[in-house]
Amino acid sequence: MSTDPPTDPPEPTRPTEGASSPEGTASPERTAARGARAAFRRWRRTRPFWAAVWTGIGGFVIFFLPMAPLGKILQVGVGGIAGMAGGIVLMAMALLILLLPSQRHTAGVLAVIAGVASFPLSNLGGLFVGMFLSVLGGSMAFAWLPEKPAKRTRGLLRRDRAARDRKAAETPVPPVSVGSGTA
């Protein structure tokens with residue numbers, strides 16, 4: 001008798017839940033998650049998303065700093081009320097930037113004004129963090145464009161320009177959205 005354990009061939013591994021099936025197709029849950037992520041990505045790219053995020057975080061910091069237990073450092077008084085009002089205005093501007101991209105200029109300017117006004121009114125603008133984030137977000141909202149402008153290239157050789165013009169004449173031009181924010 002041998003003392004070695006029997007060596008059976010290893011069992012084939014089964015795919016775990018949520019992993020790809022042996023045929024190479026993804027599971028329905030994973031496909032749905034990818035579709036939702038792609039839809040969110042398309043939606044996010046049609047508006048100044050990061051401007052709204054930074055403005056909202058800045059408003060959150062300015063709003064909640066006077067409510068924090070910092071009684072030993074700063075006294076909450078009129079500045080605390082002004083800070084809470086400024087934070088509410090900034091969070092509202094973040095929602096306006098996100099939900100109505102066509103109003104981004106107005107909301108961006110108001111966010112910058114409220115962020116700068118928070119400096120003397122609310123504990124140094126949320127200890128500079130809230131003021132910085134709200135000014136950054138308001139500036140980004142003001143500067144955001146719905147689409148990238150057409151790339152202008154000037155070729156050094158006229159031959160390249162002529163070939164590009166012939167190619168452009170052959171391909172149809174798809175309709176262009178003006179980015180009004182409405183579908």
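The values are calculated or read from the model by the stated rules, or taken from the named source; none is laboratory data. The structure displayed is predicted, hence computed values, not measured ones. For neighbour counting, all protein chains shown are included, and Cβ atoms are generated from backbone atoms with ideal geometry for every residue, glycine included. These accessible areas exclude ligands, DNA and RNA; they are computed on the full protein's heavy atoms, side chains included. Shrake-Rupley method; radii C 1.70, N 1.55, O 1.52, S 1.80 Å.
Starting from the 7 Å offset along Cα-to-Cβ, what nm value, one decimal, do you get for the label separation of R37 and W50?
Calculated label separation equals 1.9 nm.
With every protein chain kept in the model, how would you rank W144, W54 by accessible area, 1.4 Å probe, largest at the top?
On the way: W144 50, W54 85 Å².
Solvent-accessible surface, decreasing: W54, W144.
With every protein chain left in place, what is the accessible area per residue of region 99-145 in square angstrom, probe 1.4 Å?
Numbers: 2380 Å² over 47 residues.
Accessible area per residue, region 99-145: 51 Å².
Separation between the F64 and E170 pseudo-spin-labels, each 7 Å from Cα along Cα→Cβ, expressed in nm?
5.8
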